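Trainee: For reference, the structure I am asking about is given below.
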Amino acid sequence: MNTHGGAPEEEQAPPASVLRLLATAARHGVHAPVYRRLHARYRVRRLDRLLDLASRQVVAVGTDVWRADAFRTAGARCLAVAPGPDQGPEPDAEDPGERVVADGYWLPVRDGAADLAYCNAAFARGPEAVGVLDELARITRVGGLVCLSLTGARRPVVHHIRRRSDLDLLDRAPVVPLPRRRTELVLRRTG
């Protein structure tokens with residue numbers, strides 16, 4: 001709770017917008033926790049428009065604990081999957097939530113269990129990202145979304161997406177700056 005009573009400050013904050021992101025990036029830099037939290041809220045808000053996240057099952061793969069917290073704030077049930085024990089929750093994470101340690105190639109989730117599968121560049125290189133994309137598609141139900149945030153080589157992933165008949169590209173990289181030349185792709189699982 002905040003000192004004035006009522007809802008916690010996080011709930012009272014205005015929604016993340018492109019202008020707020022740009023201003024925060026200019027003021028604090030894109031690696032600052034305040035920017036990363038705001039960017040997580042912004043991306044989750046965009047995904048919420050594509051797939052109402054309330055009561056949905058989300059699997060978030062990677063080390064971005066703020067994104068998992070933002071999914072939970074949006075009302076989703078979120079399983080956070082860290083790629084290794086040394087890459088667990090960051091010390092200032094608000095809510096540790098449900099977390100497991102697993103390899104991105106072998107997620108401990110049954111086929112079609114997730115409404116949204118998200119990976120935040122924990123596996124940044126092109127060929128590795130192709131394998132992770134296959135695993136994210138496996139755990140996502142038909143009609144669900146797969147969101148892959150990449151750094152590094154994008155060409156192998158884009159070629160792989162074009163060869164797959166069960167994934168349709170919905171959204172390309174956002175207008176706002178992303179840390180480390182990151183690209184985010186949003187795909188719908190069609191079959």
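The numbers here are math on the coordinates, done by the rules we state, and not lab data. All figures in this text were calculated on a predicted structure; none of them were measured in a lab. Because the Cβ atoms are built from the backbone with ideal geometry, glycine has one as well, and the counts that use them run over all protein chains shown.
Trainee: Please arrange H28, H160, H39 by how many other C-beta atoms lie within 10 Å of their C-beta, fewest to most.
Mentor: By the 10 Å Cβ count, ascending: H28, H160, H39.
Trainee: For region 67-81, in order, what is each residue's ³J(HN,Hα) by Karplus, 6.51 cos²θ - 1.76 cosθ + 1.60 with θ = phi - 60°, in whole Hz (x at glycine and Pro)?
Mentor: 5, 4, 5, 5, 4, 5, 4, 6, x, 7, 8, 10, 9, 8, 10
Trainee: How far apart, in nm, are the 7 Å Cα→Cβ label points at R45 and W106?
Mentor: Distance between label points: 4.0 nm.
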